[in-house]
Structures are given as structure tokens and as C-alpha cells.
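Below: the structure, in C-alpha cells.
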Amino acid sequence: ALDTCRSQQQNDAYKAELEAMILHNMRGVRRNEDDVMGALENESIAEGEADDDDSGLSTLEKAHILVLIAEELSDLDLHDDALERYEEAYEMYRGALGNDSRKVAEVYRGNATVLRKKGELGEALQLCQRA
């Protein structure tokens, strides 16, 4: 019984440590997201050109960063936040490359993956077909 108690305590300690690591990572994602979102405030660049803000990032670079953030948020089961970032990336890619670009299709697939995780299978299927 003592071994079982210790084993349960070890499991509880391990779970608490994992939760702390996840929370730490989530805070890091949020901080990074805030930094990136600050750089995205003035969306006014043409394809491949640097923006007027201090980031020096092009629209395509910003969109790519948003996709990476969306993937991380999805991995953390923050699905609504992930969908928001994918939507922002979609608007940037569509504006810079047009609706028929490979990058727009990748955003559709990312959105579909998040929707599938949320259990919204009909919408996920529609996006997969669009991609």
C-alpha cells in the first residue's frame, strides 16, 4: 500500500510538473504572439516589401509567423485562438498572392485540422475540399 501511495504521489507530482511546463509554454506563446501581433498592427505592404512598422517583415513573413503561432495554439488545444491566427494569415496570403495560391491552401488545411479537433467535421471537410 505504501508503494501504491508513493507511486500515486509521484504521478501527481509528474502531472503537476507537466502542467507547469505547459502553462510556461503557453505564456511563451502568448508573449511571442503579442510581439508578432504588435508588428502586424499596420498592414500595408506589398508582396515581399518591408512594412512601414519597425519589424522589417514582409506580408508573407508575417503570414508565415501567424501560421506557426496558429499551429502552436492548436497543439495547446487553444482552437479558437488558432482559428483567429489562421484567419489573419489567410487574409495576408490572399491579399499578397491571390486566392489560388499554395499558401492559401495550406491555411485552409490548417483551419480544417483545427475544426476537426473541435469536432466540426462538416466545416473541416468543406475547407479540405477548398484546399
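The values are calculated or read from the model by the stated rules, or taken from the named source; none is laboratory data. Since the structure is predicted, the reported quantities are computational estimates derived from the model, not experimental observations. As a convention, Cβ positions derive from the backbone with ideal geometry for all residues, glycine included, and neighbour counts pool all protein chains shown. All accessible areas refer to the heavy atoms of the entire protein, side chains included, with ligands and DNA or RNA removed. Shrake-Rupley method; radii C 1.70, N 1.55, O 1.52, S 1.80 Å.
Brief remarks follow.
- Between GLU87 and GLN10, the modelled labels are 4.7 nm apart [label points 7 Å from Cα along Cα→Cβ].
- Rounded to the nearest whole Hz, the Karplus-based 3J(HN,Hα) values (6.51 cos²θ - 1.76 cosθ + 1.60, θ = phi - 60°) of region 65-73 follow the sequence 4, 4, 5, 4, 5, 4, 4, 5, 4, with x at glycine and proline.
- Among the GluC sites (Glu not before Pro) found in region 65-131, not one is both in a DSSP coil and sparsely packed, with 14 or fewer other Cβ atoms within 10 Å of its Cβ.
- Solvent-accessible surface of protein heavy atoms, probed at 1.4 angstrom with all chains present, puts LEU68, LEU127 in the order LEU68, LEU127, largest first.
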